[in-house]
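J.: Here you go, one structure.
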Amino acid sequence: MLLQQSLAILLAGLTQFPTALGGIGPVADTSSGSYVGIHDAQNEVDVFLGIRFASPPSARFLPTITPITNVPEGLQSAAAFGADCPQLPAPLGSAGVPAGPPLKGANQSEDCFFVNVWRPVNTSVAEKLPILVYIFGGGYFSGSGSEWNGTSLVRRSVATKKPIIYITFNYRTGVLGFIGSAQAQSPALNVGLQDQRDALRWIQDNAEAFGGDGSRITISGESAGGGSVHMHYLYPDSRRTFRAGISSSGTSLVANTPACEWHDRPGGAYNILGNVTGCGTGPGSFECLQNMPFDTFWPLALTTYRTPEGAILPPWSMTCKGPQGSLIDEYPVKKALNGDFLKLPIITGTNRNEGNFVIGTTFLDMTPQPPIDLEDTILGGFIAGQATNFKNVSQDTISKLLDLYAHPTDNLSNSTLFNRAAQFETDYLFLAPQRLFLKTASAEERQQDVWAYSFQQHLPGSPDFFGGAFHTSDLYYLDMGFPTVPTQQIKFQSQMQDFYISFVNDLNPGPFWPKYTEDSKFAMRLLDGGVEPIADTLRRTETDFSQPGGFDG
């Protein structure tokens, strides 16, 4: 009855909806109301954009309000993205290479809790298709669900007779999503991850409205999105909202989670924020920040995103450990070491040369390049300042690391300083923590299905010093929003997409991809013309030393 009434209302007032609808498009009856989406006949997909999954919180930094109250009557338009969450005004990137496609929300707003859905055209509610949920990356301080597009993956899934539904959503980033302080209320800590949890619950509850199966959801993501996948394994919802995960270049953000009060130290993000806003850092400061009008608060908050000299990521680029009862009440590394995480199927991998994108041109811009003694001094300082783990590391450990990275295996530029720093960054932020997770997850007694990969494809046209496979380059081969890869690499792109599609359908990326075990340690090499299992042995000595327990910091 509700749907019939909604259609009647739509017919009576069709002129109020965007002409892009081209008449009545596909309709979904959800817990947020009834929505009419876009029928994309050319690409044979139905698209629903900007569907609300939660109402804004009662106060800044707090969890969203769910379920949604005051659901509108009548049919709502789902023909355009909802607002993006507030973030940096300029796109995130490195050396002119963007970290993601452009945001497509009409504006930025604290009211930004929306999902977007792509499905095969004319999917009925009875089909119960498996669902791939993509969690955007951006270092936890930028990004949006509006960046990413599921058209190509859905089309490929239909062509291979393994149809899927693709969904993205927004979550709060930066200071709004990951404020850290002893002054912050526990519910406000890591609230960006809580937004993700709310979205996953909504997707599960409303899967059938789009022809999906709420019991067959795979979560995936890259960088901060990949780290989020691991976080949902480590800190599971009391309600199981997914059955499998794919984490790309994400384990770095699990290893480097500090205590929330770390932001309170002199020069810490909360300390800076309290000073620039006039709210101070003592009792009452958090409430002051909550009550400040957004137009006053936001320009001041953005000043805390400026990267201190020598740092790689802005201060609000990480999750933090809070008190007992908060979402993250134990260090992720400890939970990973103890095997205290979900025993669900997972694919996890890294790109061979993640670090060159992360450090950018910092060391390339030194002219002339420093002699070896000065190079060691510069690199030693860079290593010591990388993460909370290394803040108090001994000089003996620094010396050991300088020796381990004296002769890079991948020479990406004419600068040995750049090559050494990029390789250390790859290992410390990505490869070492991934191997820590794999070591525990693949233990025979866990009986967990685990697959690993090493993405090694060079993207044509990228800067010379981005040789190899830089951070984010794998996303070009999933065709979710970045420019299309060269025609001669379309076969490889299809292989990449098929691994995802098969895993979403069958909980297995395919028969030619062996599971990662503590005995075999096979990873799938993802390389055009060379997709095959290889031994996961690259720089084992270096990554073993960089793992927690391998140094004295």
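Read the figures in this text as sums done on the coordinates, not as results from a lab. If you're wondering where the values come from, they're calculated on a predicted model, not measured in any experiment. Positions of Cβ are backbone-derived with ideal geometry, glycine not excepted, and every protein chain shown enters the neighbour counts.
J.: Can you sort Lys161, Lys104, Lys334 from fewest to most other Cβ atoms within 10 Å of each residue's own Cβ?
T.: Starting with the residue having the fewest Cβ neighbours, the order is Lys161, Lys334, Lys104.
J.: What ranking do 195-203, 429-437, 87-95 get when scored by the average of other Cβ atoms within 10 Å per residue, highest first?
T.: 429-437, 195-203, 87-95
J.: Report the label-to-label distance for Asp506 and Asn275 in nanometres (one decimal), using points 7 Å from each Cα along the Cα→Cβ vector.
T.: Rounded to a tenth, the inter-label distance reads 5.8 nm.
J.: In whole Å and largest first, what semi-axes does the C-alpha gyration tensor of segment 107-204 yield when each eigenvalue is scaled by 5 and square-rooted?
T.: One finds semi-axes of 31, 13, 10 Å for segment 107-204.
J.: Identify, among Ser494, Ser442, Pro483, the residue whose Cα sits farthest towards the positive end of the charge dipole of segment 417-553, taking +1 on the Cβ of Lys and Arg and -1 on the Cβ of Asp and Glu, with the dipole about the Cα centre.
T.: Pro483
J.: Further, regarding this structure: Over all directions, average the projected area of the Cα convex hull of segment 366-456 and note it in nm².
T.: That works out to 7.7 nm², a quarter of the Cα hull's surface.
J.: Read through the labelled values (i) 0.96; (ii) 1.43; (iii) 1.13 and report the label of the one computed as Cα Rg over 2.2 N^0.38 Å from the structure.
T.: The value matching this structure is (i).
J.: Among Ile359, Ser58, Asn122, which residue has its Cα positioned farthest towards the positive end of the charge dipole of the chain, with +1 placed on the Cβ of Lys and Arg, -1 on the Cβ of Asp and Glu, and the dipole taken about the Cα centre?
T.: Towards the positive end, the residue furthest out is Asn122.
J.: Here's something else I'd like to know. With labels modelled as points extended 7 Å from the Cα through the Cβ direction, what inter-label distance (nm, one decimal) is found for Leu374 paired with Asp29?
T.: 7.3 nm
J.: Hey, another quick one. Find the centroid of the Cα atoms in segment 401-425 and in segment 203-271, then give the distance between the two in whole Å.
T.: 31 Å
J.: Using 0.36 nm per residue, how much length does the chain from Ser124 to Ala106 gain when fully extended, once their Cα-Cα distance is taken away?
T.: Result for the pair: 3.5 nm of gain on full extension.
J.: Taking the highest mean first, how do the peptides 503-510, 183-190, 483-490 order by number of other beta carbon atoms within 10 angstrom per residue?
T.: 183-190, 503-510, 483-490
J.: Placing unit charges on C-beta atoms (Lys and Arg positive, Asp and Glu negative, everything else neutral), compute the dipole magnitude of segment 286-387 about its Cα centre in debye, rounded to 20.
T.: Dipole size: approximately 420 debye.
J.: Based solely on its DSSP helices, what 222 nm [θ] is calculated for the chain when runs of n ≥ 4 H residues each add -39,500 (n - 2.57) and the sum is averaged over all residues, nearest 500 deg cm²/dmol?
T.: Taken over the chain, the calculation gives -8500 deg cm²/dmol.
J.: Next question, about the same structure. Relative to the present Cα-Cα distance, how much length would full extension add between Leu62 and Leu337 at 0.36 nm per residue of separation?
T.: Between Leu62 and Leu337, full extension yields an extra 95.9 nm.
J.: Next question. Arranged by the count of other C-beta atoms within 10 angstrom, fewest first, what order do Val229, Val71, Val36 take?
T.: Result, fewest neighbours first: Val71, Val36, Val229.
J.: Using only Cα atoms, find the angle between the long axis of helix 432-441 and the longest principal axis of the chain, and express it within 0 to 90 degrees, rounded to the nearest 10.
T.: 60 degrees
J.: Also, quick follow-up: Could you pull out every residue, at least 5 positions away or on a different chain, whose amide H is within less than 5 Å of the one on Ala259? Hs are placed 1.01 Å off N in the peptide plane, and Pro or chain starts have none.
T.: Lys321
J.: Could you give the size of the charge dipole of the chain about its Cα centre, using +1 on the Cβ of each K and R and -1 on the Cβ of each D and E, expressed in debye and rounded to the nearest 20?
T.: 760 debye
J.: Work out the length of the dipole vector of segment 317-443 about its Cα centre, built from +1 on the beta-carbon of each Lys and Arg and -1 on the beta-carbon of each Asp and Glu, and round it to the nearest 20 debye.
T.: Using only the charged Cβ atoms, the result is roughly 560 debye.
J.: Mind listing the phi-derived Karplus ³J(HN,Hα) values for segment 463-476, rounded to whole Hz, using 6.51, -1.76 and 1.60 with θ = phi - 60°, and x for any glycine or proline?
T.: x, 4, 6, 8, x, x, 10, 7, 4, 5, 5, 5, 5, 5
J.: Would you mind ranking Cys279, Cys260 by Cβ crowding within 10 Å, fewest neighbours first?
T.: The order, fewest Cβ neighbours first, is Cys279, Cys260.
J.: Same structure, new question: Between Thr367 and Asp464, what is the spin-label point distance in nm, taking each point 7 Å from the Cα along the Cα→C-beta axis?
T.: 1.4 nm
J.: Please list the non-local residues whose amide H lies under 5 Å from the amide H of Ala99, H modeled 1.01 Å from N, same-chain partners needing a gap of 5 or more.
T.: Answer set, sorted by chain and number: Leu92, Gly93, Ser94.
J.: Let's test the formula: R0 of 41 Å, r as the Cβ-Cβ distance of Thr160 and Phe294. What FRET efficiency results, to the nearest 0.05?
T.: It comes out at approximately 0.35.
J.: Sticking with this one: Which of the pairs Lys334/Lys439; Lys161/Lys515; Lys128/Lys162; Lys343/Lys491; Lys161/Lys491; Lys321/Lys439 have their Cα atoms more than 21 Å apart in this structure?
T.: Lys161/Lys515; Lys343/Lys491; Lys321/Lys439
J.: So for each of 297-303, 462-468 I average, over its residues, the number of other beta carbons within 10 Å; can you give me the resulting order with the highest mean first?
T.: 462-468, 297-303
J.: Taking θ as phi - 60°, what are the ³J(HN,Hα) couplings along segment 229-241 by the Karplus curve (6.51, -1.76, 1.60), each to the nearest whole Hz, with x for Gly and Pro?
T.: Karplus-based 3J(HN,Hα) across segment 229-241 equals 4, 4, 5, 6, 6, 6, 10, x, 5, 4, 10, 6, 9 Hz.
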